[in-house]
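No lab work stands behind these numbers, since they all come straight from the coordinates. All values derive from a computational prediction rather than experimental measurement. Glycine gets a Cβ as well: all are built from the backbone with ideal geometry, and neighbour counts include every protein chain shown.
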Amino acid sequence: MKKTIALSHPTLKLERLVDSIKHDVKKYIKRERNKKLPTDVDYWDFDCKYGVNQAEAKIIHLSEINKYIDQAAQGGLETFYLEILVKPEKRQTPENPWSAEN
């Protein structure tokens, strides 16, 4: 999902529009997480970027998306750029210092 999102609508109030944007993002993430995983992968991870435009977008964490959408609305921005890309990941297992191999 690479999208420049407008924070103005002819009939919706800003609060409802922000709720709608958050809902669309949540729906996209859920849809991507429900896709079948490849055999050697444990979970789907997401690379996220947010900015006033695509050139100024900075990397953010998935859990911070709603906070940045709220900041855009409160800051009076007309549009903002949001990028969410899915990637397969494998869990890292921590080394056990008490294992028999040491």
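Summary of values
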{"read-out": "Residue list for the stretch 4-37, restricted to those being among the aliphatic types (A, V, I, L, M) and over 16 Å from Tyr68 (Cβ atoms)", "value": "Leu12, Leu37"}
{"read-out": "Flag for His9 being farther than 16 Å from Glu89 by Cα, out of contact with any Gly (no Cβ under 9 Å at 6 or more places or on another chain) and part of a helix (DSSP H, G or I)", "value": "no"}
{"read-out": "Flag for Ile59 being among the β-branched types (Val, Ile, Thr), surrounded by fewer than 16 Cβ atoms within 10 Å (Cβ to Cβ) and in contact with an Asp or Glu (Cβ under 8 Å, 6 or more places away or on another chain)", "value": "yes"}
{"read-out": "Where a residue in the stretch 13-35 is among the aliphatic types (A, V, I, L, M) and its partner, wherever it lies, is surrounded by 11 or more Cβ atoms within 10 Å (Cβ to Cβ) and outside any helix (DSSP H, G or I), with Cβ under 6 Å and at least six apart", "value": "Leu17/His9; Ile21/Ile5"}
{"read-out": "Odd one out for Lys30, checked against (1) basic (Lys, Arg); (2) surrounded by 11 or more Cβ atoms within 10 Å (Cβ to Cβ); (3) assigned to a helix (DSSP H, G or I)", "value": "(2)"}
{"read-out": "Whichever residue in the stretch 17-27 is surrounded by 11 or more Cβ atoms within 10 Å (Cβ to Cβ) and not small (Gly, Ala, Ser) and, among such residues, is farthest from Glu89 (Cα to Cα)", "value": "Leu17"}
{"read-out": "Meets criteria (loosely packed, with under 13 Cβ neighbours inside 10 Å and either closer than 30 Å to His9 by Cα or β-branched (Val, Ile, Thr) (or both)) for Gly51", "value": "no"}
{"read-out": "Top-ranked residue in the stretch 62-88 [being of a type in the set (Phe, Trp, Tyr) and in contact (Cβ under 8 Å) with a residue 60 or more places away in the chain; ranked as surrounded by the most Cβ atoms within 10 Å (Cβ to Cβ)]", "value": "Phe80"}
